[in-house]
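Since the structure comes first, as structure tokens, the remarks are kept for the end.
We did not get these values from a lab; they are worked out from the coordinates using the rules stated. These numbers were taken from a predicted model, which means no experiment stands behind them. Neighbour counts are summed over all protein chains in view; Cβ atoms, including those assigned to glycine, are modelled from backbone coordinates with ideal geometry.
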Amino acid sequence: MPWRPIPVRPAILILGAMILLACGGCQPERELRLAGKTMGTTYHIKVVAGLFTSGADLQEQIDDRLAAINASMSTYDPGSEISRFNGIDSTSESFSPSNDFLNVLQVAAELHRLTNGAWDGTLDPLITLWGFGRKGTVDRVPGDDDIDRALAHVGFGRIRLDPSGTIGKTDPAVTLDLASIAKGYGVDAIARLLGERGFSNFLVEIGGEVFARGRRKDGVPWRVGINRPDKGAALDDVYRAVPLTDRAMATSGDYRIFFQVGDRTYSHILDPRSGRPVSSGVVSATVVAANCTVADGLATALMVMGPKEGLALVDRLAAVECLIVVRQPDGTLIDHPSSGFVIH
């Protein structure tokens with residue numbers, strides 16, 4: 001009987017397939033870069049991904065998630081959840097929010113409590129009055145009576161969060177503007193999406209707010225720059241660089257959105273307690289925290305609180321660090337870092 005070779009190729013193919021399946025992440029890696037527009041700004045994402053990961057599919061998932069958040073919290077969209085809630089003119093009406101909207105409101109309530117009202121999500125009438133809202137700039141200083149009338153309907157305690165999960169108002173005229181934490185929430189949502197899809201090394205940035213997971217493709221920790229707090233500074237003019245791993249970072253400043261009357265500059269950062277632009281001397285506040293929603297809101301609050309009160313708050317909070325920058329009368333910048341803040 002003639003000798004016949006034993007067929008082995010199918011077994012080799014099966015074994016090869018098993019090795020590929022077992023190896024999972026052994027395929028060559030690349031840094032996938034995605035970018036787009038959302039929430040009136042831009043986003044940029046870097047993902048350390050397998051060579052065959054579809055960037056188009058991932059971008060579609062990211063855009064869909066951001067569109068849902070924008071449809072919830074954009075005051076520029078008359079059909080958004082926040083616009084519909086703001087339109088309620090009764091204290092007896094209850095509103096059933098989406099999980100996104102409710103999650104942000106719960107963080108907002110905690111931020112308001114922690115900062116003793118230095119952060120407040122009900123500044124909408126003041127934002128409009130000073131010309132920083134959806135109705136455009138006014139380039140004038142409101143009168144004291146106008147400010148007092150707007151302040152009469154400001155205060156997060158006027159928002160009712162019911163144990164049932166519904167929300168309402170104790171003042172029918174109170175309205176919400178969550179722009180100071182919505183971008184941070186968007187960053188957290190996309191970081192969660194990427195984690196659920198198996199990615200462990202990525203950087204998510206929306207309008208300057210950031211979350212970093214793991215490391216870059218070359219194994220080096222992610223580094224995020226803080227923009228130089230000068231009115232004429234380019235967006236890529238780095239004042240300080242911060243190494244970031246498994247943390248969020250957000251920066252608030254008074255040097256991008258403002259108007260001038262005579263030699264006086266009025267920033268878009270408003271003090272909820274006075275109804276006027278901040279006058280703490282702080283030009284930039286950066287917060288590093290476990291999630292970007294909290295970091296975003298705290299950065300705004302520190303602009304209002306100033307270095308002494310702000311550092312005292314951050315030092316009481318676990319796993320939160322900050323850098324508060326104050327401009328001196330002669331124009332020099334003075335850094336006020338918390339004890340654990342790391343800069344390069």
Next item on the list: Once you have the Kirkwood Rh of the range 30-73 from its Cα pairs, apply Stokes-Einstein at 4 °C and 1.567 mPa s and quote D in µm²/s.
Entry: 116 µm²/s
Check: Just from the alpha-carbon atoms, what are the Rg and Dmax of the range 246-344 in angstroms?
Finding: 13.4, 45
Item checked: the range 104-249 - percent relative contact order, Cα under 8 Å, separation 6 or more -> 15 percent
Notebook entry, point to check: Based on the Cβ-Cβ distance from Arg273 to Phe52, what FRET efficiency comes out when R0 is 56 Å, to the nearest 0.05?
Noted result: 0.55
Next item on the list: Would you please give the residues with an amide H less than 5 Å from that of Arg240, counting only those at least 5 places away or on a separate chain, with H modeled from the backbone geometry?
Entry: Ile226
Notebook entry, point to check: For Thr38, which sequence-distant residues (separation of 5 or more, or a different chain) have an amide H within less than 5 Å of its own amide H, given hydrogens modelled in the peptide plane?
Noted result: Tyr43
Notebook entry, point to check: If amide H atoms are built 1.01 Å from N in the plane of the peptide, which residues on other chains or at least 5 residues away come under 5 Å of the amide H of Arg160?
Noted result: Gly168, Lys169, Thr170
Next item on the list: List, in order, the whole-Hz ³J(HN,Hα) value for each residue of the range 253-260 obtained from phi through the Karplus relation with A = 6.51, B = -1.76, C = 1.60 and θ = phi - 60°; use x for Gly and Pro.
Entry: x, 9, 9, 10, 10, 6, 9, 10
Next item on the list: Would you kindly give the portion of the calculated P(r) for the range 105-181 that falls above 21 Å, as a percent of all Cα pairs?
Entry: 30 percent
Margin query: Give me P(r) over the chain, computed from all C-alpha to C-alpha distances, binned every 10 Å, as integer percentages.
Written below: 5, 23, 30, 22, 10, 4, 3, 2, 1, 0, 0
Check: Restricting attention to the range 71-152, which trypsin sites (Lys or Arg not before Pro) occupy a DSSP loop and are surrounded by at most 10 other Cβ atoms within 10 Å?
Finding: Lys135
Check: Which of Lys183/Lys217; Lys231/Lys308; Lys169/Lys231 have a Cα-Cα distance over 28 Å?
Finding: Lys169/Lys231
Item checked: Relative exposure of Trp222, Trp130, judged by other C-beta atoms within 10 Å (fewest first) -> Trp222, Trp130
Note to self: Explain nothing, just the number: dipole magnitude of the chain about its Cα centre with +1 on each Lys and Arg Cβ and -1 on each Asp and Glu Cβ, in debye rounded to the nearest 20.
What the structure shows: 1180 debye
Checklist line | Rounded to whole Hz, the Karplus (6.51, -1.76, 1.60) HN-Hα couplings of the range 84-92, x for glycine and proline | finding: 5, 5, 4, x, 5, 10, 9, 7, 8
Next item on the list: Compare the Cα positions of Ile159, Phe101, Asn116 along the charge dipole of the range 81-169 (+1 at Cβ of Lys, Arg; -1 at Cβ of Asp, Glu; about the Cα centre) and return the one farthest towards the positive end.
Entry: Phe101
Next item on the list: Pairs of Cα atoms under 8 Å, at least six residues apart: use those to get the relative contact order of the chain, whole percent.
Entry: 15 percent
Item checked: Relative contact order computed over the range 188-344 (Cα-Cα under 8 Å; 6+ residues apart), in percent -> 18 percent
Margin query: Can you pull out the trypsin sites (Lys or Arg not before Pro) in the range 210-285 whose DSSP state is coil and whose Cβ has at most 15 other Cβ atoms within 10 Å?
Written below: Lys217, Lys231, Arg256, Arg273
